[in-house]
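Structure record follows, encoded as structure tokens.
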Amino acid sequence: MRIDMPPRRPRGESIIPMINVVFLLLIFFLLTAQIARPVPFPLTPPEGQSPVASDGVEALFVGPDGSLAWGDARGEAVWDAIAARPDPGPVEIRADAALPAAVLAGLLARLRAATPAGARLVVIGG
């Protein structure tokens, strides 16, 4: 009596090359992504007609009560941090919508005296 061997199944294709491509894409997107600094305190931005896109520069954050933040500096220490920055360009201001206009005007006057390039107010429109 002769017993035949069962037919061999074809070997499946390997998915390892697909996994390699997925990991390469993941690494590519992680390396090319821009990671933004977290906002130091919650802000409600004012509404504007056209949004101004930030180009990744540091910003002076102004809270609804007039509290200031620049990088790691808070309060009056922001003026020393702004004066010590290497880039002499304009200072980007991100202010809360509830900030009184008089406080913002005083802040702009102080920035005009502290930085030669002045400031620009970032308004995120809706």
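None of the figures in this text is laboratory data; all of them are computed from the coordinates on show. Quantities reported herein were computed from a predicted structural model and do not represent experimental measurements. Reconstructed Cβ throughout: ideal geometry from the backbone, glycine too, with neighbour counts over all protein chains shown.
General remarks:
- Where labels lie 7 Å past Cα in the beta-carbon direction, separation of Asp4 and Ala102 in nm: 10.0 nm
- Dipole magnitude (debye, nearest 20) for region 59-121, charges at Cβ of Lys, Arg, Asp, Glu: 200 debye
- 3J(HN,Hα) from dihedral phi, region 100-107, Karplus parametrisation 6.51/-1.76/1.60, rounded to Hz, x for glycine, proline: x, 4, 5, 5, 5, 5, x, 5
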